[in-house]
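Please treat every number below as a calculation from the coordinates, not as lab data. As the structure is a computational prediction, the values presented were derived from the model and not from experiment. Cβ sites come from the backbone with ideal geometry, for glycine too, and all protein chains shown count toward neighbours.
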Amino acid sequence: MTDTARVDRAVDELRAALHEVLERPQVDPALLSIDEAARRLAISRRTLMARIADGTVRSVTLGRRRLVPISVIEEIERGADL
């Protein structure tokens, strides 16, 4: 898969996740806060934010909140690089 295809796929996944979030009045349980995601991955909040900033971990923004899809956490738990 080319880098462009990976980026396109990631954008499509984020759009779908964002669309789902915007359709619901409350936060989807399939999205974790930064603190929840960091705790589940057993890393610091700072490390997680660095991985989001460098694109290693995908996230979505809902209003002012940054959230990590649980599917991303599960990928990492199954062995994807962090």
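Which one is surrounded by the fewest Cβ atoms within 10 Å (Cβ to Cβ) among residues in region 31-61 that are under 10 Å from the mean Cα position of the chain (by Cα) and of a type in the set (Val, Ile, Thr)?
Only one residue fits best here, namely Thr61.
Might you check whether a residue that is under 19 Å from Leu14 (Cα atoms) and without any contact (Cβ under 8 Å) to a residue 12 or more places away in the chain occurs anywhere in region 65-75? Steps first, answer last, please.
Restricting attention to region 65-75, the residues satisfying the condition of being under 19 Å from Leu14 (Cα atoms) are 65-75.
The next check asks that each one be without any contact (Cβ under 8 Å) to a residue 12 or more places away in the chain; those that pass are 74-75.
Yes, that holds for at least one residue.
Given the structure, is Thr4 in a helix (DSSP H, G or I) and surrounded by fewer than 10 Cβ atoms within 10 Å (Cβ to Cβ)?
Details: in a helix (DSSP H, G or I): yes; surrounded by fewer than 10 Cβ atoms within 10 Å (Cβ to Cβ): yes.
Here the answer is yes, as Thr4 does meet what is asked.
Is it true that Thr47 is polar (S, T, N, Q) and part of a helix (DSSP H, G or I)?
Considered against the rule, which asks whether it is polar (S, T, N, Q) and part of a helix (DSSP H, G or I), Thr47 comes out as yes.
Would a scan of region 8-30 turn up a residue that is touching a Lys or Arg at 6+ places or on another chain (Cβ under 7 Å) and loosely packed, with under 15 Cβ neighbours inside 10 Å?
yes
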